[in-house]
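Report on one structure; see the data block that follows.
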Amino acid sequence: LLALCCLLGAAVALCSILLEDIWRRRGTIDPLRYIALSLDILSLPPTAFQRTFWRHRFFPRIIWEAFRGRVQRPEDVFSVRPIDAVEPNFRLFQTAWEKCITRFHPRKRKPRSVSSDDRLVLLSETDENPDNLNAQQEVLDGSVPTVAFRPSAADRKKFAKTGSQDPSPKPETGHKVEKREHAVALLSALGSAFGGRLLVAWLFLLISTFLNYASPIFLGFLLRFLASTDRPDWEGYLIAVATILLSLAALVCDQRGFYRSLTLGISLRSVLTSAIYRKSLRLSSESRAKYTTGELLNLLSVDVNRIMESFMFSFLTWTAVIQFVLSFVLLWRQLGPATLAGIGCMFLLLPLNVILMWFTQKFEASEMKWKDKRLKCLGEVFGAIKVIKLYAWEKAFQTQADSIRTTELSRLVRVALGWGLGNVIWNLAPYVILLTTFVTFTWSLLLNGETGAVKSNATATMPMFLDPERIFVSVSLFNLLRAPLILLPWSLSAVIMAYVSVKRIGAFLLAPELDHNAVERSAKT
């Protein structure tokens, strides 16, 4: 049956390719296009949607066209889905961010005298847009407000001597905010903007997690059927078909959930990149002195990617807990109290890995600081390279850069050691747990429950207890535990590093901006 399903899937994929080529050559309309438009699934052309529908975007037409050199312009590729576009996602995040600023940091919200469009305007929109020309004409005609600067220092002194009040409003002084509040504000905004998409992806992954445990259960049914001689054959066929169908359903749900998590992470990265770029254009002089070019590049290249990865693989943390609970319940039915030995061994290894991850996070934070220093030093060197060449200061600056880089590499070595020890522990964990469980189960069978003596004729009754059903089902359950045991430390480390990045980006987005009350707007007379 499994071979038949594989052959059927290959035949369906081959037929879809042939039909697609026939439709493209004859110029006829693909009927799947109407399905895509009616469901509002994609903004892809019909051929791309059909390939996406059957093969999950593994072999779209655009790859072949690019290989043949036919992709030269942006119009040659299909547009992304509206839900994955940068502009609507950024507007959604900006709205949520403004609400979070009002809720958590009311003093950070700057009053504006006029409303403006804060969206990121594309370069192509500023060239041939009649609205921009009309706006320029309105400025020339005097139909829009013009900018009037605040009174000068001499005028303010005159106001102070005469006792009159300075008409210009005083800028609000920002208050000191802790980094934890920065993280809470940014996480609240991201959750409000992308929480719905994340929950949908988690729903698929939750269904896949439960369906994965149908395989060892039906494996036990199949072994029990093979061990008996008086059961009808249709039960065996039914068990085999149900196992295949449930495995396929688990695979589909897992891929759809992971695909949604992947697209969500990419959308989140584009939104944070746009927000950092927009904020960098509005920083005050004090903030510009605090955040150098190297730190901004570090935020864009490192911190944003860490947050993206944490959102992509955040499901590994809670799915691992669910898998541990399900495995423990099913193993208890197979091995009884001997399961506690394996679970105890697992919990003995868990604190060791947590301690390693904690030290690794400390080394990661230290490495990030030294990386900021290195980028700052290199930025200053590249900015003043003419002066350095003129006075022959290459050796001095090279020594300084090498010293910073050496310290950074020492932190990276510690991080690598922490990762290596954690991976070694959790790669050996499934085998150690399996060995401990079976040794405990076997020894409990050999021991006499009343006297504690070893039975002399216990070997004759052992096969009755260690039958193939117990052995293979237990091994299958422990194999299901292997993936979360290996990925759990990585996911925990990714979440910890992402939390550090969230605090850094949140502090940057809440940095003081240019004072909007530094100018007054009045209609041109």
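Within the set Ser215, Ser270, the sole residue that is part of a helix (DSSP H, G or I), farther than 30 Å from Asp515 by Cβ, out of contact with any strand residue (DSSP E or B) (no Cβ under 9 Å at 6 or more places or on another chain) and hydroxyl-bearing (Ser, Thr, Tyr) turns out to be Ser215.
None of Leu477, Leu481, Leu485 is hydrophobic (A, V, I, L, M, F, W, C), surrounded by 21 or more Cβ atoms within 10 Å (Cβ to Cβ) and modelled with pLDDT under 75 except Leu485.
Phe397 falls short of the stated requirement of being modelled with pLDDT under 85, surrounded by 12 or more Cβ atoms within 10 Å (Cβ to Cβ), in contact with a helix residue (DSSP H, G or I) (Cβ under 6 Å, 6 or more places away or on another chain) and of a type in the set (A, V, I, L, M, F, W, C).
Candidates are the residues of the stretch 451-474 that are of a type in the set (Val, Ile, Thr) and at pLDDT 80 or above; the one that is farthest from the chain's Cα centre (by Cα) is Ile471. Of all residues in the stretch 56-94 being assigned to a loop (DSSP other than H, G, I, E, B) and small (Gly, Ala, Ser), which is modelled with the lowest pLDDT? Step by step, filter the stretch 56-94, then rank; the result is Ser79.
Residues in the stretch 262-313 that are touching a Pro at 6+ places or on another chain (Cβ under 7 Å) and among the polar types (S, T, N, Q): Ser284, Ser287. Residue count for the stretch 235-262, restricted to those that are of a type outside the set (Lys, Arg), buried (at least 17 other Cβ atoms within 10 Å of the Cβ) and over 19 Å from Tyr213 (Cβ atoms): 1. Among residues of the stretch 207-226 that are of a type outside the set (Val, Ile, Thr), those with a beta-carbon under 7 Å from a residue that is outside any helix (DSSP H, G or I) at least six positions away or on a different chain give the pairs Phe225/Arg231. The residues of the stretch 416-428 that are touching a residue at least 24 places away in the same chain (Cβ under 8 Å) and surrounded by fewer than 20 Cβ atoms within 10 Å (Cβ to Cβ), listed by number, are Trp419, Leu421, Asn423, Ile425, Asn427. The helices (runs of 4 or more DSSP H) found entirely in the stretch 281-356 that carry 2 or more residues being loosely packed, with under 15 Cβ neighbours inside 10 Å and modelled with pLDDT of 85 or more are 315-335. Scanning the stretch 215-227 finds no residues that are out of contact with any helix residue (DSSP H, G or I) (no Cβ under 8 Å at 6 or more places or on another chain), surrounded by fewer than 14 Cβ atoms within 10 Å (Cβ to Cβ) and of a type outside the set (D, E, K, R). When you scan the stretch 307-326, how many residues do you find that are touching a residue at least 24 places away in the same chain (Cβ under 8 Å) and farther than 15 Å from Trp490 by Cα? Count: 4. Quick one: is Val387 assigned to a helix (DSSP H, G or I), among the β-branched types (Val, Ile, Thr) and within 30 Å of Leu268 (Cβ to Cβ)? So Val387 does not fit the description; no.
The values are calculated or read from the model by the stated rules, or taken from the named source; none is laboratory data. From a predicted model like this one, the values you see are computed outputs, not experimental measurements. Glycine also receives a Cβ, built like all others from the backbone with ideal geometry; neighbour counts cover every protein chain displayed.
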